[in-house]
Amino acid sequence: TALKLDTLVGDIEDAVSSVMNKNLKKHSSTQNSDEMRLLAIKTLKMTEEVLTSVTKTRPKWARLVSAVDHRVDRALAVLRPQAIADHRALLASLGWPPPLSTLTSSNPDRKSAEVPNPLFTMQGDLKHQYCENFLALCRLQELQSQRKSRQLEGFNREVALRQPLWAIEELVNPISLASQLHFSKWVDKPEFIFALVYKITKDYVDSMDELLQPLVDEAMLVGYSCREEWISAMVTSLSTYLAKEIFPVYVGQLDEESATGIRSQARISWLHLVDLMISFDKRVRSLVEHSGILLSFQEDGNLLKISSLCVFCDRPDWLDLWAEIELSEALDKLKPEMDDERNWRMKVQGAVLSSVPEDFKSPAISSAFLRHLSSMIDRCRSLPSISLRSRFLRLGGAPITRKFLDCILQRCQEAEGLTALTDDDAIIKVANSINAAHYFESVIKEWCEDVFFLEMELNQGDQLGLSVSEYGSREEPIKGSEGGIFDEEIGKLGEFRAQWVEKISVVILRGFDAQSRDYMKNRRQWQEKGEEGWTVSKSLLVALDYLQGKVLVVEESLNRIDFVGVWRSLAAGVDRLVFQNILMSNVKFYDGGVERFDSDLQVLFGVFGAWCLRPEGFFPKAIEGLKLLKMGEKQLQDSLAGGEKWMKDSGIRHLSVTETEKIVRSRFPSNHFLQPSTTAYALEHLLFLNFSQDHFE
């Protein structure tokens, strides 16, 4: 094996030496030089096959393999540059690059067919020679790929093996240099730069498929598409120029604006440039789609190669600057909409940005915020990396949501500060803010179920916030980069709704407590029958009227889901009031008082009956207290002796043993019942005039 390898390597070195000698002679035959190069490549391939076999079958022969690799690397270090130099000379003789004067003509409607394509016009020996030279470069690259694959066995080979197609790079480089002469004149008009690059890319892309792809296939260069490589190389050349020449100028303008404090066109120019990049990437992607290879870009993570926005991959500080500008522009546009009171009164008509059928009665301002947020999300979709999109939205999109939350919170606090929410207008104002928050939250939640956001959530560990000391960028991931993009904001919107729904409930409950204070403190009424002709205590009517009126105002202005939270919270609060102020206040219940208490509770349940079928289920303590009061004397005696077991058997589940005993001891037999008299009514009237309980008794 050693002798065989020594012979093969000697043949390679002789062939390489012969190629070099023939190129040094002025009148040497080009054909002989090409033949010697092909012979060298063929021998290299045979050598690589032997080395691959030895590596697999004789892993201990590492020194032999290393010695051969060392000599082969020296031969390739001579062969590849010479092959590329010959290829460049051949391209120049073909007339490549074509003149760009026709491409930059002032007539934009000039047809692509009028631009001469040297790849299509070459004929005869010249065409044969170019094809052989192209084929030799491809075979040389395929050989290099095999060697790397063997040498990197056991490592992440995909990263190192994937290289641009050398032959296509040699086509793009001279065109790129020629184009930059025009680019330098268009720094202030970048639209011309993108137009020229797109036109060149489109005009020559068909020749890649028709003429060069068969040669790549013949060289057995697996995984390469000439169309893809041509488009990728053109986009890369554009991105490189933008990063070196255009963006630094725009960043300098922004720094100058920041230093002087004078508003200039720098931000507008930046956004215009980004618009051009997004539009260019969409047009380029349509060129790729014609070959049916867009999926391969996505699967291999090579979308970066066909996106001019890849400039932000190496410069995350520029991405942060872009997000900051987008955010500033969005907030500037939102300010007049926030100040317009009509946007807080008008309701969103239909599900404009969401498929959720629920009507949240949301004011139009929430739709305005969502439109700007949606626009920012759409703009970042063109970014070629998931980590870039995630970072952009955290820096530019999430602050819009936080601004919206601050805005509705401020309106609620203003309403609370003026009237403590006792006024109907204040309640309506808070209800509108709750509606806006719920609609905003539901739309964002629906968006976050899209694959676009799910990919970012799964890619948490691939954040772009790594150290980029060369550019003085951030050295840590941005704050709140864990979890979904809007998880924190969604949580805060939910907390806001819960907090202000509870505040509305507390305010109404406090008013009900004030209105029913006389009713709650009238201990004598539970020893008497109800007023004749009345199914409810008169002193309770005012409180119930207040409660019903307030709840109807809330129902009219608040969305259905949050309204359920309000009335349920109210029901629980009223239940506590009745239980503490009546059942737990050591009053004496006679038969007439129990009937009166039962009638009052039924009317109270009727107020809540408009929103549920069994309102008594939301007053567990009051209803179980009434149940105890209505029991017979023997049952009451058993309750005192039975304890928890008796309570469980009797369906008393929401009261403690102590509370149960207290209610049972407040029940008195019917023979102690007092008939209501004129004196009783007079004493009740004195109570209404704020006499103390001691005077009443």
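Inclusion of L421 among residues that are closer than 21 Å to I561 by Cα, modelled with pLDDT under 95 and not in a helix (DSSP H, G or I) is warranted.
If you check every pair at least six apart or on different chains, which have Cβ atoms under 7 Å apart with a residue in segment 125-146 that is acidic (D, E) first and a residue that is at pLDDT 90 or above and assigned to a helix (DSSP H, G or I) second? Within 7 Å, no pair qualifies. Restricting the first member to segment 230-242 and to residues that are closer than 13 Å to L309 by Cβ, and the second to residues that are polar (S, T, N, Q), the beta-carbon pairs closer than 7 Å and six or more apart or on different chains are V235/S307; V235/S308; L238/S308; S239/S308; L242/S308. Look at (1) open to solvent by 60 Å² or more (accessible area, probe 1.4 Å); (2) assigned to a helix (DSSP H, G or I) and you find that Y250 fails only one, number (1). Where helices (runs of 4 or more DSSP H) sit wholly within segment 128-216, those with at least 2 residues that are closer than 29 Å to V72 by Cβ occupy 157-161, 166-183.
Applying a threshold of 9 Å to beta carbon distances and a minimum spacing of six or more residues, or different chains, the list of pairs starting in segment 181-201 at a residue that is among the hydroxyl-bearing types (S, T, Y) and ending at one that is modelled with pLDDT under 90 reads Y198/L287; T201/L287.
The values are calculated or read from the model by the stated rules, or taken from the named source; none is laboratory data. Source: prediction; values computed, not measured. No Cβ is skipped: glycine too gets one built from the backbone with ideal geometry, and neighbour counts run over all protein chains shown. Protein only, heavy atoms only, side chains kept; ligands, DNA and RNA dropped before computing areas. Shrake-Rupley method; radii C 1.70, N 1.55, O 1.52, S 1.80 Å.
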